[in-house]
1. Determine which single condition LEU111 fails, assuming it passes every other condition in (1) within 14 Å of ALA159 (Cβ to Cβ); (2) of a type in the set (A, V, I, L, M, F, W, C); (3) free of Cβ contacts under 8 Å to residues at least 24 places away in the same chain.
2. Looking at segment 140-256, what helices (runs of 4 or more DSSP H) fall wholly within it and have at least 1 residues that are under 17 Å from LEU122 (Cβ atoms) and at pLDDT 90 or above?
3. Return the total of residues in segment 70-100 being closer than 19 Å to ASP135 by Cα, in contact (Cβ under 8 Å) with a residue 24 or more places away in the chain and either surrounded by 21 or more Cβ atoms within 10 Å (Cβ to Cβ) or in contact with a strand residue (DSSP E or B) (Cβ under 9 Å, 6 or more places away or on another chain) (or both).
4. Consider only pairs whose beta carbons are under 8 Å apart and that are at least six residues apart or on different chains; among these, list those whose first residue lies in segment 31-49 and is more than 12 Å from ALA79 (Cβ to Cβ) and whose second residue is among the polar types (S, T, N, Q) and assigned to a strand (DSSP E or B).
5. Could you count how many residues in segment 101-115 are within 25 Å of PRO224 (Cα to Cα) and out of contact with any Phe, Trp or Tyr (no Cβ under 9 Å at 6 or more places or on another chain)?
6. Restricting the first residue to segment 160-171 and requiring it to be touching a residue at least 24 places away in the same chain (Cβ under 8 Å) and under 12 Å from THR192 (Cα atoms), which pairs with a second residue that is part of a loop (DSSP other than H, G, I, E, B) and not charged (D, E, K, R) meet a Cβ separation below 8 Å and a spacing of at least six or different chains?
7. Give me a count of the residues in segment 20-74 that are touching a helix residue (DSSP H, G or I) at 6+ places or on another chain (Cβ under 8 Å), over 29 Å from ASN250 (Cβ atoms) and among the basic types (Lys, Arg).
Amino acid sequence: MVGTNTAPRCAVVTGGARGIGAAIVRELGARGVHVVVVDVDDQALKACEAEERPAGSSVRCVKADVSQEADWRRVLELARSAFGPVGVLVNNAGISPKRDGKKIPASEMPLEEWHQVLAVNLTGAFIGSKLVFPDMRDMGWGRIVNIASQAARTGARVAGVHYGASKAGLLGLTRTLAYEYGPYGVTVNAVTPGRILTPMALGVDDHVNQTFLADIPIGRLGTPEDMASVVGFLASDEAGFVTGATIDANGGSYMG
């Protein structure tokens, strides 16, 4: 269960079929939460549907584009019909296009690609946070967690300027929504992962990850499970006095 005094709640996790998102889905499932998994990867969604889940938790997997309001409305309709009002939203979906495995310089970036990344990484989180609010307001309880990036703190070294800007924008969105939603019992927080062993991170030359590793006091790259445990806490009753916060989960590579 999310907390000791509440019934299991419904969660929506975007980008939830692999990497950090899949680990978050497992963490919430272990806490007795029913989860709707949103992704665009057909193969990953099939694997998600086939995965065995703990007793007391159910998962529905749906293909949707988080940058489209119509897709969001379809997702939330499915969630409500399957599990009831949405009490937890994790905005994890994100893209980071590269050219031959390397970032595209800002001076060469097509405007269309800039718009695409902002639409998925930032606008998608805004749409979802806007549309779940009535459920949370009516329950007097809600948890929104935005998955940003260390790039929002330090600038994007491996990813492009569109990625860094979108993730920094998530931090501003988080703080502003925390002010607006707080009086209704809804907390809004952000997590900024450092270098995490995900398909996205493994899609670059190995020396890049080795360079990151040299700057991590803990002495290892992060895992999706490291991030999921932070999200699990932020989505719980126990985190009811934490809002507008940015949790840096990076092994010490950035200390704010």
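1. With respect to (1) within 14 Å of ALA159 (Cβ to Cβ); (2) of a type in the set (A, V, I, L, M, F, W, C); (3) free of Cβ contacts under 8 Å to residues at least 24 places away in the same chain, LEU111 is out only on (1).
2. Details: elements: 151-154, 161-181, 206-213, 224-234.
Because the criterion is at least 1 residues that are under 17 Å from LEU122 (Cβ atoms) and at pLDDT 90 or above, the helices (runs of 4 or more DSSP H) in segment 140-256 that meet it are 151-154, 161-181.
3. Selection size over segment 70-100: 16.
4. Final answer for the pair search is ASP39/THR14.
5. From segment 101-115, those within 25 Å of PRO224 (Cα to Cα) are 101-103; that's our starting set.
Now drop any that are not out of contact with any Phe, Trp or Tyr (no Cβ under 9 Å at 6 or more places or on another chain), which leaves 101-102.
Residues in segment 101-115 being within 25 Å of PRO224 (Cα to Cα) and out of contact with any Phe, Trp or Tyr (no Cβ under 9 Å at 6 or more places or on another chain): 2 in total.
6. Listed pairs, sorted by first residue: LYS167/GLY94; LYS167/ALA148; LYS167/SER149; LYS167/ALA156; LEU170/ALA148; LEU171/ALA148.
7. 4
To keep it simple, each residue is scored yes or no on (1) of a type in the set (Gly, Ala, Ser); (2) out of contact with any Gly (no Cβ under 7 Å at 6 or more places or on another chain); (3) surrounded by 17 or more Cβ atoms within 10 Å (Cβ to Cβ).
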{"site": "HIS34", "(1), (2), (3)": "no, yes, yes"}
{"site": "VAL40", "(1), (2), (3)": "no, yes, yes"}
{"site": "ARG53", "(1), (2), (3)": "no, no, no"}
{"site": "GLN68", "(1), (2), (3)": "no, yes, no"}
{"site": "LYS102", "(1), (2), (3)": "no, yes, no"}
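The values are calculated or read from the model by the stated rules, or taken from the named source; none is laboratory data. As the structure is a prediction and not an experimental result, all values here were calculated from the model. Virtual Cβ from ideal backbone geometry, glycine too; neighbours counted across all protein chains shown.
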